[in-house]
Amino acid sequence: MRTAYRVETVRAAEAALMARLPEGALMQRAAAGLAAACCSLLGKGRVYGARVVLLAGSGDNGGDALYAGARLARRGAGVTAVLLGDRAHEGGLAALRAAGGRVVDSAHDDPFEPLAAADLVLDGITGIGGRGGLRPDAVPVARAARGSDAVVVAVDLPSGVDADTGEVAGEALRADVTVTFGTYKPGLLVDPARSLAGALRLVDIGLGGELPGVADLEALQHQDVARLLPVPGAESDKYRRGVLGVVAGSARYPGAAVLAVEGALRGGAGAVRYVGPAADAVIAAHPETLVHPGPPDRAGRVQAWVVGPGLGDEPGVAEVLASDVPVLVDADGLRGLDPSLVRARSAPTVLTPHAGEAAALLGTTREEVEAGRLAAVRELAARFGATVLLKGSTTLVCGPGAEAGTAATVGGAVRVNPTGTGWLATAGSGDVLSGLAGSLLAAGLRPVDAASCAAYLHGLAARRASGGGPVTAGEVAGALGGAWRDVTAGL
């Protein structure tokens, strides 16, 4: 599992480790890992004679860049440091000069000449303590770096992004690769900052023993999902595997019901009970479905409900929320949803909004949600007392105990989904996800696990079905079985 911690936690872990190490040892570990990553990016035999430019701010981040630059200079690279700030890290600057590196002060010298010919640029302008975008004096230099042919490597995280939230409040320097130290930072895993970080490389500097057991963010990997997915035994029958009720579809949107049911069936549900006006379309596509005219409480026993996809103005949301089993609310079911109705439930609730739906629930704008996705998902989870799966370029899952700005131990880590593709932004894909997550709820998974495993499989299926090109929701659903087999192949 990939984990990420807030700046405050990282600082405390670094301080505890530095208290047991010789002075400067931690920075040297970071610089060594950074230099090694730069060597691998330049390629075997290409370090000698390579032109490297360091954009060095006044903090420790600039010191990491300067010490790494000194190591590269000792291997024969031509290293130029462009100083951006009112001071420079003295030890790093002395090491670079001793190794034969050149120093350019951007306040008095031309910083653009070395950038024009650079093979690799190290972005050490601001570190994890930076807030807001780049300072005005750094913007032209950052733009020149990005406009060059050089590979841009961010030191710990791209300058101009918020390490804790992934927010970008101003101009930032987009990296091709980010080399981060000790642990991932939340901003590296959450858009919009994630899209500026490029490929991620983690350098172990020995922080593992100092970090708390519960992270602020976590991203599941194949083996994590495999351990959580239900596996039927010899004694299993369709009822033990989980029966999911689906209240979805309308005369205008019958396809939403079809796709939600298909997501559930391909997500391992033992049986699906459908309630709604699209029964003919559902049976035509999936004759194994158990249909009922309604209301939901007369449809038969279920272990979980999904309500909302394509529902329009059809009834059903209040009736489903009155049940005593887990409920997933999506799409039209979220419109005007009363937080007190959700909070009063005795069984768990999962909400699966996209940014526009989340904005309506929070009384804000879609743009504000997309700019601050981590704060939005935490606020929704706290307000509704529900598990929230916030869909989008970075899909996040947050349990009901977490609140914006609190420590991870309050409600557990927020999960960020590492799978998916931009082609997944297509009509009906969310309906498939709802059915899939609902089937995992019916199988008995915890809400956070059901939501995060569903997002993982859904994104993986989209990659398989897409192959780098357009994909339909039905094709995503059809690829779920292959994605499931990929994940569990090592068991």
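General remarks:
- Just one of the numbered conditions (1) open to solvent by less than 10 Å² (accessible area, probe 1.4 Å); (2) within 36 Å of the chain's Cα centre (by Cα) is not true of Pro136: (1).
- Residue within segment 278-288 that is in contact with a strand residue (DSSP E or B) (Cβ under 6 Å, 6 or more places away or on another chain), open to solvent by less than 40 Å² (accessible area, probe 1.4 Å) and more than 18 Å from Gly430 (Cβ to Cβ) present: yes
- Odd one out for Asp324, checked against (1) within 19 Å of Val275 (Cβ to Cβ); (2) open to solvent by less than 50 Å² (accessible area, probe 1.4 Å): (2)
- Residue in segment 352-370 that is surrounded by fewer than 24 Cβ atoms within 10 Å (Cβ to Cβ) and within 20 Å of Val246 (Cα to Cα) present: yes
- Scanning segment 92-116 for residues that are among the small types (Gly, Ala, Ser) and buried (at least 16 other Cβ atoms within 10 Å of the Cβ) turns up Gly92, Ala95, Ala99, Gly101, Ser106.
- When Gly245, Gly294, Gly268 are screened for being touching a Lys or Arg at 6+ places or on another chain (Cβ under 9 Å), over 30 Å from Val369 (Cα atoms) and modelled with pLDDT under 95, only Gly268 passes.
- Here Ala465 clears all of (1) open to solvent by 10 Å² or more (accessible area, probe 1.4 Å); (2) under 20 Å from the mean Cα position of the chain (by Cα); (3) free of Cβ contacts under 8 Å to residues at least 60 places away in the same chain; (4) within 17 Å of Leu259 (Cα to Cα) except the condition numbered (2).
- For the criterion of being in contact with an Asp or Glu (Cβ under 8 Å, 6 or more places away or on another chain), without any contact (Cβ under 8 Å) to a residue 60 or more places away in the chain and open to solvent by 30 Å² or more (accessible area, probe 1.4 Å), Glu379 passes.
- Residue match in segment 185-197 (condition: more than 30 Å from Ala144 (Cα to Cα) and modelled with pLDDT of 95 or more): no
- Residues satisfying the stated conditions in segment 50-87, i.e. open to solvent by 50 Å² or more (accessible area, probe 1.4 Å) and more than 33 Å from the chain's Cα centre (by Cα): Arg51, Arg71, Arg74, Arg75, Asp86, Arg87
- Residues (open to solvent by 40 Å² or more (accessible area, probe 1.4 Å) and either assigned to a loop (DSSP other than H, G, I, E, B) or out of contact with any strand residue (DSSP E or B) (no Cβ under 6 Å at 6 or more places or on another chain) (or both)) located in segment 1-15: Met1, Arg6, Glu8, Arg11, Ala12, Ala15
- Of all residues in segment 382-397, one or more are part of a helix (DSSP H, G or I), of a type in the set (A, V, I, L, M) and modelled with pLDDT of 95 or more.
- Residues of segment 182-225 satisfying the condition of being closer than 22 Å to Leu120 by Cα, open to solvent by 10 Å² or more (accessible area, probe 1.4 Å) and not polar (S, T, N, Q): Arg194, Leu196, Gly198, Ala199, Leu200, Arg201, Leu202, Val203
- Within segment 51-102, tally of residues that are β-branched (Val, Ile, Thr) and in contact (Cβ under 8 Å) with a residue 40 or more places away in the chain: 3
The values are calculated or read from the model by the stated rules, or taken from the named source; none is laboratory data. Keep in mind the model is a prediction, meaning the values are calculated, not measured. Heads up, the Cβs are rebuilt from the backbone with ideal geometry, glycines too, and the neighbour counts pull from every protein chain shown. SASA here: full protein model, heavy atoms, side chains in, ligands and nucleic acids out. Shrake-Rupley method; radii C 1.70, N 1.55, O 1.52, S 1.80 Å.
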